Amino acid sequence: MSIIEVKNLTKIFGKNTKQALKLLDNGHSKEEILKQTGSTVGVNRANFSVEEGEIFVIMGLSGSGKSTLVRLINRLIEPTGGNIYINGEDLAKMNKQELREVRRKKLSMVFQKFGLFPHRTVLENAAFGLEIQKVEKQEREEKAKKALELVGLGGYLDQKPGQLSGGMQQRVGLARALTNDPSVLLMDEAFSALDPLIRKEMQDELIHLQSKMKKTILFITHDLDEALRLGDRIALMRDGNIVQIGTPEEILVNPANDYVEKFVEDVDKSKIFTAQHIMKRPETIQIEKHGPRVALERMREEGISSILVTDKNRQLQGYVTAEAASQAVKSQNGDLKEIIKTDIPQVDKDTALQDIFSVIYDSQTPVAVVEEGKLLGIIVRGAVIAALAGEGEVENNV
Amino acid sequence: MFNMMSIVPKIPVAEGVTDFVGWLTDTFSFLFDPIKVHFGNLMDFITESVLMNIPPLIFILLVAVIAFFLTGKKLGLAAFSIVGLWFIHNQGYWEEMMNTLTLVIVASLLSVIIGVPIGILMSKSKITETIFTPILDFMQTMPAFVYLIPAVAFFGIGMVPGVIASLIFATPPTIRFTNLGIRQVSGELVEAADAFGSTGAQKLFKVELPMARPTIMAGINQTVMLSLSMVVIASMIGAPGLGSEVLSALQRSQVGPGFVSGVGIVILAIVIDRMTQNLSKEKKANG
Ligand SMILES: Nc1ncnc2c1ncn2[C@@H]1O[C@H](COP(=O)(O)OP(=O)(O)O)[C@@H](O)[C@H]1O
Ligand SMILES: [Mg+2]
């Protein structure tokens, strides 16, 4: 069972929510609805589920409804419609008391501007969640201390948040969320206020912590690089709608529409794209049943000067050139094995584009893409350059 | 023209109010009278049995020590308190000052006790805010001595109506600043409190009030100063103290004594103002 499941979750800010809902159903845009009713569509019928232990990233431009969506999930914002199931229980139907219990035990939040209490020490901040639950002072401070040590702030217990740097403050924010030992962390642009270097560091730290703790994390960001680094899956939002949900791969390779494509355009493709994204279907012959004659015939048909050779299990054996094949035919030598060459460069299917580039640059032949020796495809020099330039269509035609 | 202006005979507003207040006084005398008696006794007790029982020298030193610590261990205010209070004693206005002080303390305390909760209510509900804002505006724009009239009507003359009038006049800043201070607490902090499952009371006492504290204290400082000014005006309805000395000097055209008691009020005002101002800053300096 998914730990979070959201069904048709909708938020409309303003008075005419009924009318706005009707317009939404009739397919009117956010802009039209604002004009006609004065109400703003914050989130429009969001549907997704988050699995236990997953980092689920919600990404979108500013104003796309990310903060609203994450606040609907712990009901800091009351939904206009829809359901939020946490472990199968519908938050939208809970009374205040039940809601408080869920917030205390299951959901913790980390804020963009840290949301730390300036009048409390680091330790008191971290212990806040348990203090609210009336856990005894000694016990809650012990747990808070552990959480602070986990994020590397064991030595700052008695400082006030104002005395710490931004990165350290957000560690306190993270520790405060972890002290409760919740199953879900809600992080709204938690690293957006930090400078790039600190930000990278925090991302690494989060990944590291996550490998130890196996929390479920709902991470909001407007930054694609961050989303790609952190997300097991990414949901893309636009104007209150979720326009695509998928793994980082899927989003990059098969953008669902122009909007997603635009978003994805700026990513440094040499780091993101791998061999399997730009490889082509290879022309092959089989070593067990084909001879030089077939090889020559196939090369002539396709207009190529060399052809790859595999065995019947598609294990790559090497290649033969047209020249060698035609000589073998002339000299009546029927065996492929005599003329096969094996100096073809091979890369794994997950090799990054930038690494393929250096391989293919020095090579006379195309590069073979293999997985455990099995031939998957072939990369020609032109494809790499096209992908780096960002214009060649990236297709998966294997 | 004249005819048009006098088509409507004079509307008996004044008579109506007189009757209404008279009716209120009669009807609620069971309420007003005990307040008048007990409250009056309480204040007499504070002045005569508490404040006047402290030897002036001790009192002055006590004030100086408190001033010293409140201002962050600086000597300025402490020295001023010593000289100023000694001067008041020297001029023979000690008891009058104590009377004024009693009125200010009691009136301010009541203002805070009433004002802070109202301010909290206002900050929590748009409706309460909409209801109270014009009332507060009205309370503050009326000339101060207007409040003396109903106070006298209900409570006669003396200290009690002085306190009541001061209460009406001086409470608004505490209410306003409490409301403002709570509304100014950053949205993220309020969200943080909610997100961790705080009850309304936990949010108020653990986050909102501590965060709003400097603002509320600034409001209380204003309230105390307004109380002081009102207490002086209240001498017109027989509230004893430095104000009544000024008043009687004025009535008899005695420039000298009028000046001296006026200076006494100023000294008292400065000491009280600086002390309450520093009360709001004190926490910040420490941490
Ligand atoms: N309290 C609110 N009242 C009215 N409109 C709001 C409110 N909060 C957000 N919105 C609107 O909802 C939309 C989504 O906002 P938000 O969720 O904050 O976006 P994001 O976090 O992606 O930047 C925006 O158009 C914003 O103006
Ligand atoms: Mg946001």
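The values are calculated or read from the model by the stated rules, or taken from the named source; none is laboratory data. What you see is a predicted model; the values in this text were computed from it and never measured. When we count neighbours, we look across all protein chains shown, and the Cβ atoms used for this are built from the backbone with ideal geometry, even at glycine. For accessibility, only protein heavy atoms count, side chains too; no ligands or nucleic acids. Shrake-Rupley method; radii C 1.70, N 1.55, O 1.52, S 1.80 Å.
Each Lys or Arg adds one and each Asp or Glu takes one away; over the other residues whose Cβ falls under 12 Å from the Cβ of B:Ser198, this sums to +3.
Work out, step by step, the length gained on full extension between A:Glu301 and A:Glu101: first 0.36 nm times the residue separation, then minus their alpha carbon distance; give nm to one decimal. Walk me through the numbers on the way to the answer.
Working: separation 200, 0.36 × 200 = 72.00 nm, distance 7.11 nm.
64.9 nm is the gain from fully extending A:Glu301 to A:Glu101.
Accessible surface computed residue by residue for chain A, with neighbouring protein chains in place and a 1.4 Å probe, gives 48 Å² per residue.
Distance from the C-alpha centroid of region B:209-233 to that of region B:1-79: 15 Å, rounded to the whole angstrom.
Residues whose amide H comes within less than 5 Å of that of A:Gln112, counting only those at least five positions distant or on another chain, are A:Asp188 (H built at 1.01 Å from N in the peptide plane).
When the P(r) is computed for chain B, the part past 31 Å accounts for 40% of the Cα-Cα pairs. For region A:190-336, DSSP calls about 75 percent of its internal beta bridges antiparallel.
On association of chains A and B, roughly 1900 Å² of accessible area becomes buried (total for both chains; probe 1.4 Å).
Report the extension gain between B:Val65 and B:Thr133 in nm, rounded to one decimal, defined as 0.36 nm multiplied by the number of residues separating them, less their alpha carbon distance.
Values: separation 68, 0.36 × 68 = 24.48 nm, distance 3.96 nm.
Here the answer is 20.5 nm.
Out of B:Pro257, B:Pro12, B:Pro56, any idea which swings most in a Gaussian network model of chain B, alpha carbons joined below 10 Å? In the Gaussian network model the winner is B:Pro12.
Each DSSP beta bridge with both residues in the protein assembly as shown is either parallel or antiparallel, and the antiparallel ones are about 55%.
Skip the ligands, DNA and RNA, and give the accessible area per residue of chain B with a 1.4 Å probe, whole Å².
Result: 51 Å² per residue.
Compared with the alpha-carbon gap, the fully stretched path from A:Gln346 to A:Glu323 is longer by 6.0 nm at 0.36 nm per residue.
Taken over region A:275-389, the convex hull of the Cα atoms encloses 91 Å³ per residue.
Solvent-accessible area assigned to carbon and sulfur over chain B amounts to 73 percent, based on a 1.4 Å probe.
Rg over Rh for chain A works out to 1.13, using Cα positions for both radii and the Kirkwood form for Rh. Summing charges over all other residues whose Cβ lies under 14 Å from the Cβ of A:Glu51, with Lys and Arg as +1 and Asp and Glu as -1, gives -1. Contact residues in region A:89-133 (at least 50 Å² less accessible area with all protein chains than alone, 1.4 Å probe): A:Arg100, A:Arg103, A:Phe111, A:Phe117, A:His119, A:Phe128, A:Ile132.
Charging the Cβ of each Asp and Glu at -1 and of each Lys and Arg at +1, and nothing else, the dipole of the protein assembly as shown about its Cα centre rounds to 1020 debye. Consider a paramagnetic label point 7 Å from the Cα of B:Phe28 along Cα→Cβ; state which residues of region B:117-157 have an amide N under 11 Å from it. Under cut-off, by backbone N: B:151, B:154-155.
If we count every other residue with Cβ under 13 angstrom of B:Leu136's Cβ, Lys/Arg +1 and Asp/Glu -1, where does the sum land? The partial results should precede the final answer.
Working: positive: B:Arg176; negative: B:Glu129, B:Asp137.
Every neighbour counted, the sum reads -1.
Expressed to the nearest 5 percent, the antiparallel share of DSSP beta bridges inside region A:275-389 is 70 percent. Sequence-ordered 3J(HN,Hα) estimates for region B:9-26 from the Karplus curve with 6.51, -1.76 and 1.60 and θ = phi - 60° stand at x, 4, 7, x, 5, 4, 4, x, 5, 4, 4, 4, 5, x, 4, 4, 4, 5 Hz, glycine and proline given as x.
Of interest is the spacing of the C-alpha centroids, which for region B:235-274 and region B:143-173 amounts to 18 Å. Ignoring any ligand, DNA or RNA, what whole percent of the accessible area of chain A comes from carbon and sulfur when the probe is 1.4 angstrom? Of all accessible area on chain A, carbon and sulfur atoms account for 45 percent. Loop-located chymotrypsin sites (Phe, Trp or Tyr not before Pro) in region B:1-91 (DSSP state other than H, G, I, E, B) with a sparse environment of at most 14 neighbouring Cβ atoms within 10 Å: B:Phe28.
What ³J(HN,Hα) values, in whole Hz, does the Karplus curve 6.51 cos²θ - 1.76 cosθ + 1.60 give for region B:136-153 when θ = phi - 60°, with x put for Gly and Pro? For region B:136-153, the Karplus curve yields 5, 4, 4, 4, 8, 8, 5, x, 4, 6, 4, 5, 5, 5, x, 4, 5, 4 Hz. The residue list A:Ala324, A:His290, A:Pro255 was ranked by how far each Cα lies along the charge dipole of chain A toward its positive end, using unit charges on Cβ atoms, and A:Pro255 comes out on top. Report, in whole Å, the centroid distance computed from the Cα atoms of region A:206-259 and region A:308-339. A separation of 47 Å, based on Cα centres.
The dipole here belongs to chain A: it is taken about the Cα centre, uses +1 on the Cβ of Lys and Arg and -1 on the Cβ of Asp and Glu, and is about 1540 debye.
Mind listing which GluC sites (Glu not before Pro) in region A:84-145 are in a DSSP loop and have 12 or fewer other Cβ atoms within 10 Å?
A:Glu136
Charge dipole of chain B (Cα centre as origin; +1 on each Lys and Arg Cβ, -1 on each Asp and Glu Cβ, all else neutral): 860 debye, rounded to the nearest 20. A Förster distance of 41 Å, applied to the separation of the beta-carbon atoms of A:Lys18 and A:Glu371, puts the FRET efficiency at 0.15.
In this structure, A:Leu197 and A:Glu89 have a Cβ-Cβ separation that, at R0 = 30 Å, corresponds to a calculated FRET efficiency of about 0.15.
Are there any residues in region B:201-240 with a reduction of at least 20 Å² in accessible surface when going from the isolated chain to the assembly of protein chains? Probe 1.4 Å, please list them by number. Flagged in region B:201-240: B:Gln202, B:Lys206, B:Val207, B:Pro210, B:Met211.
Over the protein assembly as shown, all Cα pairs binned in 20 Å intervals from 0 give whole-percent P(r) values of 14, 29, 25, 18, 7, 5, 1, 0, listed from short to long.
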